[in-house]
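The values are calculated or read from the model by the stated rules, or taken from the named source; none is laboratory data. Worth saying up front: this structure is predicted, and the values here are computed from it rather than measured. Backbone-built Cβ (ideal geometry, glycine too); neighbour counts: all protein chains shown. Ligands, DNA and RNA are stripped out before the accessible areas are found, and what is left, the full protein with its side chains, is counted by its heavy atoms. Shrake-Rupley method; radii C 1.70, N 1.55, O 1.52, S 1.80 Å.
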Amino acid sequence: MKTFEANILFTSSGRRVSLLNMFKEYLRSENITGKIITADFKNNAPTTFVSDKHYVVPRVSDENYVSELIAICVKENIKMIIPLIDTELPLLAEKSSIFEELGIKVLVSGSEVIRIGCDKVDTYTFFTENGISTPKVYSEHETDYQFPLIVKPRDGSSGLGVTVVNNLHELEFFKTYIKNSMIQDMVRGEEYTVDVMVDFDGNIKTIVPRQRIEIRAGEVSKGITRKDPTIISAVKDVMKKLVGVVGCINLQCFKKENGEISFIEINPRFGGGVPLAIKAGANFPKWTVELMLGMAFVTADFSWLDGLTMLRYDDAIFTDQLTHVD
């Protein structure tokens, strides 16, 4: 492994500074030669100033996006691409074979997994068809509401647009105000995000439930690892039925007062709170490099620390390298 040049391209890198720093620290600690390259459509993304090199690329919707990534990969001798936002997952899953032909692995799940995860109504359908507990999603013709309810965009991400409504008046307003909205029963209990690492053959390396204590702008700001066997078992059951998962994926669920685990979302990418799992000992950077090398996960690893708490706070990067700000 130490003679391998482990160059990784993180796309849509944005604010994921903690994650990138953990990958860089792993490479340093193991004396692995490799660079952490980032790409984003902004030149002032915070990760610009922690990666080894940053590239400004078009938006994912631009017809030149894939060709721009290919050019970067060739220039920087990239061995793996790791996408970090939902909007680029369908495209990179569709085009992954192009990168594979160039010897570049894309850490992305299959198109069917991404379809299920990126459309919240499809997520609900997957759960119900497979007998997995999930709060009800109402069709446009159903009116037997039990308030409070959740209104959110069916293609939303990072908690954007998620709104609690308490009566019919609020519901009528927000289901029109929120674009591409859906209506869902509100579930109560302890909220968890669960990080799962899977190899290219579907073998699970680990499952790390993180209790969401406090949320800020859709991302966990305070959390704690919980080695809860009920949640881990429920997640294993979901993973058996979700065929085509590759790399890091996170599931969101609630543990209700009666102990039932009710799932609400599937996010087939590194979640914003995964640094907590890594700090607890779930070595996602190491396992990512192993996947880059074509290794399979022969044995699972649940040796991560139970009860580790993360308390996030604001920090800043100061630079004189920018001549303009987008």
What whole-number value in cubic angstrom gives the convex hull volume per residue for the C-alpha atoms of region 186-326?
153 Å³
Span from the region 221-281 Cα centroid across to the region 26-80 one, whole angstrom:
28 Å
Normalised Cα Rg of region 76-176, dividing by 2.2 N^0.38 Å with N its residue count, works out at 1.42
Which angle between 0 and 90 degrees, to the nearest 10, do you get for helix 89-101 versus the longest principal axis of the chain when only C-alpha atoms count?
30 degrees
At a Förster distance of 25 Å, what's the computed FRET efficiency of S303 paired with I213, Cβ-Cβ distance as r, to 0.05?
0.60
Ignoring everything except DSSP H segments at least 4 long, calculate the 222 nm mean residue ellipticity for the chain; use -39,500 (n - 2.57) per segment, divide by total residues, nearest 500.
-8500 deg cm²/dmol
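Show me 301-313, 22-34, 44-56 ranked by packing, highest mean number of other Cβ atoms within 10 Å first.
Ranked from most to least packed, the peptides come out as 44-56, 22-34, 301-313.
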If I compute solvent accessible area with a 1.4 Å probe over the protein chains, what percent of it on region 1-156 is carbon and sulfur?
47 percent
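How much length, in nm to one decimal, is gained on full extension between T33 and N21, taken as 0.36 nm per residue of separation minus their Cα-Cα distance? Before the final figure, lay out the partial values.
Working: separation 12, 0.36 × 12 = 4.32 nm, distance 1.52 nm.
Gain in length upon complete extension: 2.8 nm.
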Please give the helix 120-129 orientation as an angle from the longest Cα principal axis of the chain, in degrees from 0 to 90, rounded to the nearest 10.
70 degrees
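Set the Förster radius R0 to 22 Å, insert the Cβ-Cβ distance between A296 and D119 as r into 1/(1 + (r/R0)^6), and round the FRET efficiency to 0.05. Present the calculation step by step, with values, prior to reporting the outcome.
Numbers: r = 30 Å, r/R0 = 1.38.
Efficiency, from the Cβ-Cβ distance: 0.15.
So between K240 and D314, what do we pick up on full extension, going 0.36 nm a residue minus the alpha carbon distance? Spell out each step's value before the answer.
Working: separation 74, 0.36 × 74 = 26.64 nm, distance 3.83 nm.
Additional length available on full extension: 22.8 nm.
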Taking every DSSP bridge whose two residues both lie in the chain, the antiparallel percent to the nearest 5 is 75 percent
The relative contact order of region 179-326, taking Cα pairs under 8 Å that sit 6 or more residues apart, comes to a percentage of 28 percent
Nearest 0.05, what FRET efficiency do N44 and E68 give at R0 = 25 Å with Cβ-Cβ as r?
0.85
